[in-house]
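The values are calculated or read from the model by the stated rules, or taken from the named source; none is laboratory data. Model, not experiment: these values are computed from the prediction. Cβ sites come from the backbone with ideal geometry, for glycine too, and all protein chains shown count toward neighbours.
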Amino acid sequence: MEKIKTLRGFRDISGEELDKFRLIEAVSGKHLRLLGFSEIDIPILEKTELFVRSIGDTTDIVEKEMFTFTDMGGDSLTMRPEATAGVVRAYLQAGLYVKERVSKLFTMGPMFRHEKPQKGRFREFHQVDVEVFGVDDPLIDAELLWMIHRVLAELGVDNYSMEVNSVGCPTCRDAFRRVLVDYFQTRRDLLCEDCTRRLERNPLRIFDCKHVQCIDVSRESPLLFDYLCSDCKVHLDVFLRHITDFGVSVTMNKRLVRGLDYYTKTVFEVTSDKLGAQKAFIAGGRYDNLVEEMGGPKTPGTGFAIGVERLALLVEAGPTKTVPTYFFAYLGERAHTYLVPLLKAFAGAGLSLVYAYEGRSLKSQMRYADNLNADFVFILGDDEIDKGIVVLRNMKTKVQYELLLDPLTIPREALKLSGDPNPSPK
């Protein structure tokens, strides 16, 4: 019978990569909480309308990439392709705009897009998503980039570039749209089929196209940056001054746009040449009209998302093991009676103690402990019990110690011999 395997673009995550995921989540969460953010957990499954209204029906995500199906009740449902829409829905549903002047939220978890799998990109992928509601001041945009800078510094990632731009407001884009359409109409035969369609519905999306011919045509196109209204220019100038105040280095990329319709004014990407052609691993920007477009009051918003898979490729190693691990090798029924008391004592001290469930020979148990990369092994048999001791073996140095056979004191004594002079029981 053929074995069942994971779907294309989906995979199991374990070992060092999972350690990196947890490290990224822990470091991000720490810095977010320091700046007053609260965590929220939103559903994976939402009504399809949520993403069509927020992301835009002319985007690649909505047109090609969403996992959408009709449920037994006849409703169209979609597995979330990104988190901002769901967080906005939760913000409105909970009435936070009434309860809080400013809401700072973050969420972590899997997203789903039916696109071609490639390095660091899968159909199920993970993000740390950050959103701020109620702040129009460009200071918050700069603060988010500063926080990203701090997170990457703690993770040891230094080979990256922060690119920023302004995509203006509806007023700017209306004026620019007419100029852009005129430019691309004269080169219509050079555009791919998708971009020919975008030209009629949303010409800004052409800048997001990955086809070589469309990229070449876009290189000589007019720039939205040159059509920014006075308000958007002031917003950008203040944002850049704040970035300087934070001491964060950014590059102005006047052709940078984001692939979602809801962005206004500030947009940014954090990129690394180590990731290949698809080099962005953090991206975001401002969306001052999205809350209102989804049925709420006019509320400025801004945020970003960290692509965990891609960032993990840039993190050199997962967290180092700071607390030693212990293995309990026991021989005979008398020794087995000490298993539960030792497990309880070690768990109470916040230490790991593993063992073999099946009765095995000492040689087999030692081999198992070695496979598990245990730092120390306790050895207990009838001879040790008769002496009132348990043997502690250092698996790296092969040095052995004799400890008093008292489950309540063994964790503390083991930690002392492990090189930690100040054990702190939990």
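Some values worked out for this structure:
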quantity	calculated
Selected residue (criterion: modelled with the highest pLDDT) from residues of segment 389-416 that are hydrophobic (A, V, I, L, M, F, W, C) and assigned to a helix (DSSP H, G or I)	Ile410
Residue within segment 381-388 that is assigned to a strand (DSSP E or B) and either more than 14 Å from Tyr326 (Cβ to Cβ) or at pLDDT below 90 (or both) present	no
Number of positions in segment 114-148 that are in a helix (DSSP H, G or I) and crowded, with 20+ Cβ neighbours inside 10 Å	7
Gly285 being surrounded by 14 or more Cβ atoms within 10 Å (Cβ to Cβ) and either more than 30 Å from Asn394 (Cα to Cα) or free of Cβ contacts under 8 Å to residues at least 24 places away in the same chain (or both)	yes
Residue check for Leu342: part of a helix (DSSP H, G or I), under 30 Å from Ala280 (Cβ atoms) and touching a residue at least 12 places away in the same chain (Cβ under 8 Å)	no
Whichever residue in segment 161-205 is more than 18 Å from Arg258 (Cβ to Cβ) and surrounded by 18 or more Cβ atoms within 10 Å (Cβ to Cβ) and, among such residues, is modelled with the lowest pLDDT	Leu199
Residue in segment 356-364 that is closer than 18 Å to Lys416 by Cα, surrounded by 13 or more Cβ atoms within 10 Å (Cβ to Cβ) and touching a helix residue (DSSP H, G or I) at 6+ places or on another chain (Cβ under 7 Å) present	no
Segment 239-279, subset under 21 Å from the mean Cα position of the chain (by Cα) and surrounded by fewer than 14 Cβ atoms within 10 Å (Cβ to Cβ), residue farthest from Pro117 (Cα to Cα)	Asp273
Some residue of segment 230-238 being farther than 22 Å from Val267 by Cβ and either loosely packed, with under 13 Cβ neighbours inside 10 Å or among the small types (Gly, Ala, Ser) (or both)	no
Selection count, segment 266-324, where residues are in a loop (DSSP other than H, G, I, E, B) and not charged (D, E, K, R)	20
Restricting segment 1-53 to residues that are under 23 Å from Gln118 (Cα atoms) and aromatic (Phe, Trp, Tyr), the residue that is surrounded by the fewest Cβ atoms within 10 Å (Cβ to Cβ)	Phe10
Counted residues, segment 346-364 - those being part of a loop (DSSP other than H, G, I, E, B) and either in contact with a Pro (Cβ under 6 Å, 6 or more places away or on another chain) or at pLDDT 90 or above (or both)	3
For Thr196: the one exception among (1) in contact (Cβ under 8 Å) with a residue 24 or more places away in the chain; (2) farther than 30 Å from Ala317 by Cβ	(1)
Leading residue by the ranking (nearest to the chain's Cα centre (by Cα)) among those in segment 173-209 that are assigned to a loop (DSSP other than H, G, I, E, B) and more than 27 Å from Asn289 (Cβ to Cβ)	Cys192
Neighbours by Cβ (under 6 Å, 6+ apart or cross-chain): first from segment 306-318, of a type in the set (Val, Ile, Thr); second part of a loop (DSSP other than H, G, I, E, B)	Val315/Leu155
Condition met for Arg367 (among the basic types (Lys, Arg), over 28 Å from Met108 (Cα atoms), part of a loop (DSSP other than H, G, I, E, B) and not assigned by TED's automatic domain parsing to the domain that holds Tyr160)	no
All positions within segment 373-393 that are under 40 Å from the mean Cα position of the chain (by Cα) and surrounded by fewer than 16 Cβ atoms within 10 Å (Cβ to Cβ)	Asn373
Residues (under 14 Å from Gln213 (Cα atoms) and β-branched (Val, Ile, Thr)) located in segment 185-199	Thr196
Selected residue [in the same structural domain as Asn371 (by TED's automatic domain parsing) and touching a helix residue (DSSP H, G or I) at 6+ places or on another chain (Cβ under 9 Å)] from Ala329, Ala305, Ala280	Ala329
